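Trainee: One structure coming up, written as structure tokens, with questions to follow.
The values are calculated or read from the model by the stated rules, or taken from the named source; none is laboratory data. This is a predicted model, so every value here is computed, not measured. Cβ sites come from the backbone with ideal geometry, for glycine too, and all protein chains shown count toward neighbours. With ligands, DNA and RNA removed, areas are computed over all heavy atoms of the protein, side chains included. Shrake-Rupley method; radii C 1.70, N 1.55, O 1.52, S 1.80 Å.
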Amino acid sequence: MSTAAPERALHRLDWSALQEQLDADGVATTPPLLSPQQCSSVVAMFDEVERFRSTVVMARHAFGEGSYRYFADPLPPLVQTLREQLYPPLAAIANRWAERLGERTFPTTLDELLAECAALGQHRPTPLVLRYGPGGYNCLHQDVYGDLTFPLQFLVMLSRPDEDFTGGESVFVEQRPRQQSRPVVVRPRQGEAVIFPVRNRPKLGSRGYHRVQMRHGVSAVHSGERHVLGIIFHNAR
């Protein structure tokens with residue numbers, strides 16, 4: 001796999017299996033989408049400040065310890081390809097979920113979704129790169145940036161767990177009605193992606209489908225540096 005766009009890896013994804021994982025666990029992990037060279041190229045972008053529209057130092061906002069940067073338009077070709085090509089199959093899953101919950105459905109292309117965002121004043125791109133050093137972590141949260149929220153997002157692990165960093169697991173917490181919360185911990189390998197809900201997902205109960213809220217975060221990094229690429233499909237206000 002070259003440092004060009006990862007179309008071949010995207011075409012090999014088994015979306016039926018990913019849908020089953022999401023329905024069962026609320027979280028799904030893909031095979032590698034990016035090569036080590038592609039991961040390194042995105043990590044290197046973090047220090048190219050001109051590529052980004054803003055930087056957030058997490059401690060200043062009590063979000064955790066670490067920093068992240070939102071890409072400016074136009075997005076790097078690799079990031080744009082991931083966002084464009086992953087959107088349609090994720091929209092199909094999102095629309096099945098919407099039907100189960102009696103909610104609105106979403107357009108079939110990213111351009112149509114972004115046009116809806118723009119009509120609501122959401123113009124700023126949301127793909128980002130996150131960097132955590134020793135002691136870095138991310139509090140549980142949801143990535144909601146305006147009135148329109150696409151219900152699925154994904155992250156790609158850019159670093160090598162247990163080589164570039166230790167600790168730093170991806171943590172998801174499902175808040176179930178009238179029950180204790182359920183944690184899920186995921187350790188994707190370099191280049192692998194994790195797909196998960198932005199806000200909530202449908203869960204089948206004895207009386208049909210109901211919503212369960214989900215939040216996500218990152219446990220403390222013990223050593224080294226952890227870099228992740230996050231792809232959110234709705235734009236920000």
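Residue-wise test of (1) farther than 21 Å from residue 74 by Cβ; (2) among the hydroxyl-bearing types (Ser, Thr, Tyr).
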{"position": "115", "(1), (2)": "no, no"}
{"position": "122", "(1), (2)": "no, no"}
{"position": "129", "(1), (2)": "no, no"}
{"position": "132", "(1), (2)": "yes, yes"}
{"position": "152", "(1), (2)": "yes, no"}
{"position": "157", "(1), (2)": "yes, no"}
{"position": "160", "(1), (2)": "yes, no"}
{"position": "163", "(1), (2)": "yes, no"}
{"position": "168", "(1), (2)": "yes, no"}
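Trainee: Only one of these conditions is not met by residue 178: (1) farther than 24 Å from residue 102 by Cα; (2) free of Cβ contacts under 8 Å to residues at least 24 places away in the same chain. Which number is it?
Mentor: Against the list (1) farther than 24 Å from residue 102 by Cα; (2) free of Cβ contacts under 8 Å to residues at least 24 places away in the same chain, residue 178 comes up short only on (1).
Here's the yes/no breakdown for (1) touching a Ser or Thr at 6+ places or on another chain (Cβ under 6 Å); (2) of a type in the set (Asp, Glu); (3) surrounded by 16 or more Cβ atoms within 10 Å (Cβ to Cβ); (4) closer than 15 Å to residue 230 by Cβ:
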| site | (1), (2), (3), (4) |
| --- | --- |
| 35 | no, no, yes, no |
| 47 | no, yes, no, no |
| 62 | no, no, no, no |
| 76 | no, no, yes, yes |
| 84 | no, yes, yes, no |
| 95 | yes, no, yes, no |
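Trainee: Here's something else I'd like to know. When you scan segment 115-194 for strands (runs of 3 or more DSSP E) that lie fully inside it, which ones turn up with 1 or more residues that are touching a His at 6+ places or on another chain (Cβ under 7 Å)?
Mentor: So the answer is 128-132, 137-141, 165-167, 170-175.
Trainee: Tell me yes or no: at least one residue of segment 154-171 is surrounded by fewer than 18 Cβ atoms within 10 Å (Cβ to Cβ) and among the small types (Gly, Ala, Ser).
Mentor: no
Trainee: Let me ask you something else. How many of the residues in segment 53-70 are touching a residue at least 60 places away in the same chain (Cβ under 8 Å), among the hydrophobic types (A, V, I, L, M, F, W, C) and not in a loop (DSSP other than H, G, I, E, B)?
Mentor: Counting residues in segment 53-70 that are touching a residue at least 60 places away in the same chain (Cβ under 8 Å), among the hydrophobic types (A, V, I, L, M, F, W, C) and not in a loop (DSSP other than H, G, I, E, B) gives 1.
Trainee: While we're on this one: Out of all the residues in segment 102-123, is one or more closer than 18 Å to residue 215 by Cβ and open to solvent by 20 Å² or more (accessible area, probe 1.4 Å)?
Mentor: No, every residue in segment 102-123 fails to be closer than 18 Å to residue 215 by Cβ and open to solvent by 20 Å² or more (accessible area, probe 1.4 Å).
Trainee: Would you pick out the residues in segment 25-64 that are over 22 Å from residue 221 (Cα atoms) and aromatic (Phe, Trp, Tyr)?
Mentor: 52
Trainee: Being open to solvent by 50 Å² or more (accessible area, probe 1.4 Å), assigned to a helix (DSSP H, G or I) and without any contact (Cβ under 8 Å) to a residue 12 or more places away in the chain is the filter here; which residues of segment 1-20 pass it?
Mentor: Matches in segment 1-20: 8, 11, 16, 20.
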